[in-house]
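Some notes on the structure that comes next.
The values are calculated or read from the model by the stated rules, or taken from the named source; none is laboratory data. As the structure is a prediction and not an experimental result, all values here were calculated from the model. Cβ coordinates were reconstructed from backbone atoms using ideal geometry, including for glycine residues, and neighbour counts include every protein chain displayed. Protein only, heavy atoms only, side chains kept; ligands, DNA and RNA dropped before computing areas. Shrake-Rupley method; radii C 1.70, N 1.55, O 1.52, S 1.80 Å.
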Amino acid sequence: MTTLKIFQQYPALFNQLIEIQPLFQQILDMTGLNRLDLQIDHIALRVNDVDMAKQWQACFAEEATLLSNNEINGRPIYLYELEKPLLILEQEVRVVELPFPKAKNYPQQGWEHIEMVLPFIVNETVEQWFARVEKLLAPVAERIILQKSCHKGDGEGLPNPAVAIKLADKSNFATIKLHPYAIKQIVMSE
């Protein structure tokens with residue numbers, strides 16, 4: 001992992017990746033999602049400064065393949081597939097999401113969330129998928145914050161609903177997002 005250029009230039013990102021994994025695990029354990037054997041599709045960064053985003057983008061451009069550079073919710077979001085995977089919660093993760101900053105200022109820059117695939121059931125609609133996720137998380141509803149969304153980038157053919165899960169306990173700043181499709185499937189639908 002330390003051989004990635006981004007970690008050589010920004011060692012704090014390597015340390016953050018190690019530090020955030022127990023926070024992801026805490027969410028998985030508390031919600032019971034750890035029992036579903038979900039695959040981590042990709043990991044996302046958060047950045048407040050355009051210059052920093054451009055620096056990280058330059059690092060990824062040297063050691064990863066650009067999968068997509070779409071505009072979503074008024075800002076560019078870049079997806080990179082790494083040649084060498086990151087190891088996150090004992091899973092190999094090859095895709096990194098780099099959203100460029102918007103007006104919102106995040107408390108910290110760096111790794112912010114992982115996205116996991118909870119596939120549609122045959123003939124399930126987006127609303128039925130949302131309802132299934134809410135039912136799955138109902139036993140811990142008092143202890144989490146859920147945010148539903150359905151972003152669609154320019155030209156994407158598949159729906160891209162998401163449920164973001166955070167703990168109500170603000171000491172854990174990490175987020176896990178569930179999607180019915182892997183991000184590469186969304187990109188291929190463009």
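Worth pointing out:
- Scope segment 135-176; condition among the charged types (D, E, K, R), more than 20 Å from D41 (Cα to Cα) and in contact (Cβ under 8 Å) with a residue 24 or more places away in the chain; matching residues: E142, R143, D154, D169
- Lone unmet requirement of (1) modelled with pLDDT under 95; (2) within 23 Å of L23 (Cα to Cα) for L136: (1)
- Test result for K84, under 23 Å from E62 (Cβ atoms), basic (K, R) and outside any helix (DSSP H, G or I): yes
Yes or no, residue by residue, for (1) surrounded by 14 or more Cβ atoms within 10 Å (Cβ to Cβ); (2) hydroxyl-bearing (S, T, Y); (3) in contact with a His (Cβ under 7 Å, 6 or more places away or on another chain); (4) in a helix (DSSP H, G or I):
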position	(1), (2), (3), (4)
L13	yes, no, no, yes
I18	no, no, no, yes
L23	yes, no, no, yes
M30	yes, no, no, yes
L38	yes, no, no, no
A44	yes, no, yes, no
D51	no, no, no, yes
E62	no, no, no, yes
N69	yes, no, no, no
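- When segment 159-173 is filtered for residues that are open to solvent by less than 10 Å² (accessible area, probe 1.4 Å) and closer than 19 Å to R132 by Cβ, the ones remaining, listed by number, are P161, A162, V163, I165.
- The listed residues are K170, K148, K177, K166, and the only one of them that is charged (D, E, K, R) and over 17 Å from the mean Cα position of the chain (by Cα) turns out to be K170.
- Criterion (open to solvent by less than 20 Å² (accessible area, probe 1.4 Å) and in a strand (DSSP E or B)) met by exactly one of V133, V96: V96
- In this entry, N105 is excluded by the filter for residues that are of a type in the set (S, T, N, Q) and crowded, with 16+ Cβ neighbours inside 10 Å.
- Residue count, segment 1-11 (criterion: out of contact with any Ser or Thr (no Cβ under 9 Å at 6 or more places or on another chain) and either part of a helix (DSSP H, G or I) or hydrophobic (A, V, I, L, M, F, W, C) (or both)): 6
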